[in-house]
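Here is the structure we will look at, set down as structure tokens.
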Amino acid sequence: MTNSTTVHPRLPRACLGSAVALALVSALPSAPATAQNKPIASAPTLGGKVRADVLSLKRIDGNLVTLRWMLINEDAPLYTMLASYARLVDLTARREYQSGLSSASCTARTGDKVICWATFAAPPAGTKTMAVKFYEQFDMLTGIPVSD
């Protein structure tokens, strides 16, 4: 029986799975902004020229939660946010969560709207709201509902 999988001659077979996984992660929610993306909270920065709109904080499989937000650049030359710096804060339990996976790029040119995301370990099932903290000159957003 022969193997019908074609592998690039310079790419080791072991890298193929990693390359496919990376391609899938890169294709995650970097979809264009639509009318369906209504913010549940918003934080402006840079004199109102850039804004982060939290779209959702949702429990997913594997005891994880995914935070989605839209970076909106109204009038700054170019704005890059490091999605991996986003934090969830459980103010009641006084616990901070760091992201495990996040958008590869969260950069918006003037007039752009970019959807970014980060995945975290899920807070306890009884946790109904969290705070979101971005380190790039945004105020902490509180009362973000955790949906199922």
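Values quoted throughout were computed directly from the atomic coordinates according to the rules given, and no laboratory measurement underlies them. For clarity, every value in this text was computed on a predicted model and none was experimentally measured. As a convention, Cβ positions derive from the backbone with ideal geometry for all residues, glycine included, and neighbour counts pool all protein chains shown.
Miscellaneous remarks
- Within the shell of other residues whose beta carbon sits under 13 angstrom from the beta carbon of Ser102, the net charge comes to +2, with Lys and Arg scored +1 and Asp and Glu -1.
- Whole-Hz couplings from phi, Karplus 6.51/-1.76/1.60, listed for the range 40-48; x for Gly and Pro: 9, 7, 9, 9, x, 8, 6, x, x
- Set of the range 73-100 residues, backbone N closer than 13 Å to the point 7 Å along the Cα-Cβ line of Thr110: 73-79
- Label-to-label distance for Thr80 and Leu101 is 2.3 nm, based on points extended 7 Å past Cα in the beta-carbon direction.
- Nitroxide proxy distance, nm - points 7 Å out along Cα→Cβ at Asp148 and Ala121: 2.3
- The spacing between the range 66-94 and the range 102-148, judged by their C-alpha centroids, is 5 Å.
- Difference of contour (0.36 nm per residue) and Cα-Cα distance, Leu46 to Arg94: 14.4 nm
- Size of electric dipole in the range 29-145: Cβ of Lys, Arg +1 and of Asp, Glu -1, about Cα centre, debye, nearest 20: 240
- Sequence-distant residues sharing a close amide H with Ser42 (under 5 Å, placed H): Val54
- Ratio Rg/Rh [Cα only; Rh per Kirkwood] for the range 29-145: 0.95
- Counted charge near Leu57, where neighbours are those whose Cβ lies closer than 13 Å (Asp, Glu -1; Lys, Arg +1): +3
- Shape parameters for the range 78-148, alpha-carbon atoms, Rg then Dmax in Å: 13.0, 40
- Separation of the Tyr135 and Asp61 label points, Cα + 7 Å toward Cβ, nm: 3.2
- Of Met70, Thr80, Leu141, farthest towards positive along the dipole that unit charges on Lys, Arg, Asp, Glu beta carbons give the range 29-145: Leu141
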